[in-house]
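Every number in this text was worked out from the coordinates using simple rules, so none of it is lab data. Here the structure is a predicted model, which means the values were calculated and not measured. Because the Cβ atoms are built from the backbone with ideal geometry, glycine has one as well, and the counts that use them run over all protein chains shown.
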Amino acid sequence: MGNLKYKRSIYMPINFTEIPIDNKDGGLSDTFELFARDFLEILGYTIVEDPGRGPDGGKDLIVSETLNGLEGPYEEIKWLVSCKHYANSGSSVSNNVEIDITDRIKSFGCDGFIGFYSTIASQALLNKLNDLKIKFLVFDQKKIEGHIVGNEKMNLIFARYFPQSFKSWKELHNAYEPTILFDYYIQKELLGSIFTFIFKSSFYLMKLIQNSESVEILFQNEDIRIEKVEGLYSILMDDYLINNYKNRQDQLVKINFKKILYDNYNIELDSEFIGISYILGNGSNLMLVFKQSIIVDEMRYIELKRDFEKMKSIL
């Protein structure tokens, strides 16, 4: 298999060509080696031998890794790290570039091989590594990026080695962060609430909240008015109405609710009755939902305002 060209996706946040090629020989880069060192150290590897200038004998740095079991450390692996920075050419790393891998591992007293590449390993190289029956890891462009992007521990090296990519990613991340937090809050705290029932889409709800100064104005966007009624529970929630509603004799309940609200509060409801939310025996926290009206007692009104203000504060 030949030396494949690796086409970088426009959706990948990190542009590896930001790391310069200081040493033109073989596509190696001192800066890329330093990046590999810092990256692996943050991942938890111990740096045994740092990158150095001049002939390296087939290794760019040496790191070690301690494997832990239930009873503590049980094995230390010393890794020979080979760095290849071909992002500018887009070439994959071929088996013709990584030669004498087993001999290099033995000559430096290592136990395994790490390929650290700014593009990808060719299939021929991967086949070769598998055939050698050695311990090996390959950090290619996608895997490196996966460890960096969104990982706060990696932000320092992200900004240091890829300043333009970091700036672009932060701008994009900051633009979407409120949406992510808002959606998380909706799913965790308000799933099944009147907000998700009425507005359906959390993105739509978010946009409306940004332009609404109160919970009343928010619901007015859907032509729904909020009516706050004192003593609602004691008037509506007698055993007769509760039992009829629970037994699904809905039409009778709808008629009674509308009549009671009109007789006691002069609230005229022509719209369709949708449902009721209440806490039995509590004496409060009651809500009646009609197609164009939401009737609430004082406790439920306070909850609606609190939830609205919480969502607005996230944005």
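What fraction, in whole percent, of alpha-carbon pairs in region 16-161 exceed 19 Å separation? It works out to 52 percent of all Cα pairs.
Set the bar at 27 Å for Cα to Cα. Now go through Lys153/Lys200; Lys170/Lys305; Lys142/Lys207; Lys78/Lys143; Lys84/Lys128 and name every pair that lies beyond it. From Lys153/Lys200; Lys170/Lys305; Lys142/Lys207; Lys78/Lys143; Lys84/Lys128, over 27 Å: Lys153/Lys200; Lys170/Lys305; Lys142/Lys207. Mean separation of Cα pairs under 8 Å and 6 or more residues apart, divided by the residue count, gives region 16-161 a relative contact order of 19 percent. Tell me, how many Å apart are the Cα centres for region 297-315 and for region 83-97? When both Cα centres are located, 56 Å separates them. Each peptide among 99-112, 117-130 gets the average number of other Cβ atoms lying within 10 Å of its residues, and from highest to lowest they stand as 117-130, 99-112.
Ellipsoid semi-axes for region 121-168, based on the Cα gyration tensor and the rule √(5λ), read 30, 11, 7 Å when sorted largest first.
The translational diffusion coefficient of region 126-223, from Stokes-Einstein at 37 °C and 0.692 mPa s with a Kirkwood hydrodynamic radius over alpha carbon pairs, comes to 188 µm²/s.
Computed packing ranks the peptides 155-167, 81-93 as 81-93, 155-167, most packed first, by mean other Cβ atoms within 10 Å. Peptide packing for 146-153, 61-68 was compared via the average number of neighbouring C-beta atoms within 10 Å per residue; ordered from the highest value, the list is 61-68, 146-153. Among the GluC sites (Glu not before Pro) within region 70-131, those in coil by DSSP and having at most 10 neighbouring Cβ atoms inside 10 Å are Glu71.
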